[in-house]
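Asks: Here it is, the structure, as structure tokens.
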Amino acid sequence: MNEWSEDYEEGLEAFLIWMKDAGYTPYTQKSYLADVRQFLDSLNGKRLETVKKLHVISFLTSVRERGVSDATRNRKHASINCFFKALIELEMLLSNPAAGIKKSKTEINREPVYLDEGDLGRFLSSIDGKYKGRNLAVFLLMSYMGLRVGEVHTLNLSDYNVERHSLRVFGKGRKWRNVPIPEDVVPFLDLAIEERLNPWRSKEEAMFISQKGRRLSIRGIQQIAADTFDRFQSDVPAAHRRPYSSHKLRHSFATMLLRKGADLRTVQELLGHSSIQTTTVYTHITSREKEEAMSKLQIQI
């Protein structure tokens, strides 16, 4: 910790209180605080009220030069912007030097990463180990219902409507949505609940429990996914392995729905996107689909 770090502790404590009051998840609170601390360390003790837009841009540039992705750079910007916004609302500062800085474009010329139905089946077959039933249910909710990692993490037993075969999901923006459970997924979810590990607290409502008896954490789910993807690609040379992650299961779900003819508005509702513009990320077209479309053209001379 730098010697000037103590000067920023009041602002960081206020930011944490603000995030808790605004309903940010513990995972987001931790991520944002880590980003903001990294930014504050770059200021070399500069007082917060003297920080300018140039200092924020300089930090974000240095982050990019160290090789982080555009998405990570944008998250760090969002963290810093949120920090200053909080301090203004709490009447601790008058201006936000992070406001008005453009985001990095993250989707241009990037090949979309997802699993088609065949690959998805092989991935699910790669799930192994002592908690196979629980992990299979977790990944089915993500790949066949489009749930985010954080949404699976926050699921409670009471969110499952057994009669209607639906889940009540608490998503981004503190919004609830009801998602129908596909008939093929129901037995796996029922089995996972039946085999649910005993929580160390008798009143623990979490649907998925870790081996330590606590709610299965976001990091835990991500690690289980990473291990499973490693097994899934074990016969693929390291240089040719694809950058799969737990979030790609949600991506695969959206892609499957759109290919089966679901309209964009329905997919938006199922994914819990506030803007349909976000959903259009999943409307990518493969080379095979392009070739099929072109083969239908006939020259008539």
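Asks: Does Gly121 qualify as being open to solvent by 20 Å² or more (accessible area, probe 1.4 Å) and either within 20 Å of Ala206 (Cβ to Cβ) or part of a loop (DSSP other than H, G, I, E, B) (or both)?
Replies: For Gly121, the condition - open to solvent by 20 Å² or more (accessible area, probe 1.4 Å) and either within 20 Å of Ala206 (Cβ to Cβ) or part of a loop (DSSP other than H, G, I, E, B) (or both) - is not met.
Asks: From Thr266, Thr279, which residue is open to solvent by 50 Å² or more (accessible area, probe 1.4 Å), at pLDDT 80 or above and part of a helix (DSSP H, G or I)?
Replies: Criteria check complete, one pass: Thr266.
Asks: Considering each of Leu48, Leu16 in turn, give the residue that is open to solvent by less than 60 Å² (accessible area, probe 1.4 Å), more than 19 Å from the chain's Cα centre (by Cα) and closer than 19 Å to Gly173 by Cα. Write out each step before concluding.
Replies: Working: Leu48 fails: closer than 19 Å to Gly173 by Cα.
Selected residue: Leu16, the only one of Leu48, Leu16 that is open to solvent by less than 60 Å² (accessible area, probe 1.4 Å), more than 19 Å from the chain's Cα centre (by Cα) and closer than 19 Å to Gly173 by Cα.
Asks: Out of the residues in the stretch 162-189 meeting the condition of being open to solvent by less than 50 Å² (accessible area, probe 1.4 Å), of a type outside the set (Ser, Thr, Tyr) and not in a loop (DSSP other than H, G, I, E, B), tell me which one is nearest to Val267 (Cα to Cα).
Replies: So the residue we want is Val179.
Let's see how each residue does on (1) of a type outside the set (A, V, I, L, M, F, W, C); (2) touching a residue at least 40 places away in the same chain (Cβ under 8 Å); (3) more than 30 Å from Lys130 (Cα to Cα); (4) open to solvent by less than 50 Å² (accessible area, probe 1.4 Å):
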{"residue": "Gln233", "(1), (2), (3), (4)": "yes, no, no, yes"}
{"residue": "Ala239", "(1), (2), (3), (4)": "no, no, yes, no"}
{"residue": "Pro243", "(1), (2), (3), (4)": "yes, yes, no, no"}
{"residue": "His251", "(1), (2), (3), (4)": "yes, yes, no, yes"}
{"residue": "Ser275", "(1), (2), (3), (4)": "yes, no, yes, yes"}
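Asks: So which of Gly100, Gly67 ends up being among the small types (Gly, Ala, Ser), open to solvent by 30 Å² or more (accessible area, probe 1.4 Å), in a loop (DSSP other than H, G, I, E, B) and out of contact with any helix residue (DSSP H, G or I) (no Cβ under 8 Å at 6 or more places or on another chain)?
Replies: Answer to the selection: Gly67.
Asks: Applying the selection to the stretch 146-161, what residues are charged (D, E, K, R) and either open to solvent by 20 Å² or more (accessible area, probe 1.4 Å) or at pLDDT 95 or above (or both)?
Replies: Arg148, Asp159
Asks: Quickly run through the stretch 39-55 and pick out the residues that are within 16 Å of Lys76 (Cβ to Cβ) and among the acidic types (Asp, Glu).
Replies: Answer for the stretch 39-55, where residues must be within 16 Å of Lys76 (Cβ to Cβ) and among the acidic types (Asp, Glu): just Asp41.
Asks: Let me ask something else. Only one of Tyr32, Tyr27 is in contact (Cβ under 8 Å) with a residue 60 or more places away in the chain, on the phi < 0 side of the Ramachandran plot and open to solvent by 30 Å² or more (accessible area, probe 1.4 Å); which? Even if it seems obvious, please write down each step before you answer.
Replies: Working: Tyr32 fails: in contact (Cβ under 8 Å) with a residue 60 or more places away in the chain.
When all the criteria are applied, what remains is Tyr27.
The values are calculated or read from the model by the stated rules, or taken from the named source; none is laboratory data. In this text, all values refer to a predicted model and were calculated from it rather than measured experimentally. Positions of Cβ are backbone-derived with ideal geometry, glycine not excepted, and every protein chain shown enters the neighbour counts. When the accessible area is computed, the model is the full protein with side chains, heavy atoms only, and any ligands, DNA or RNA have been set aside. Shrake-Rupley method; radii C 1.70, N 1.55, O 1.52, S 1.80 Å.
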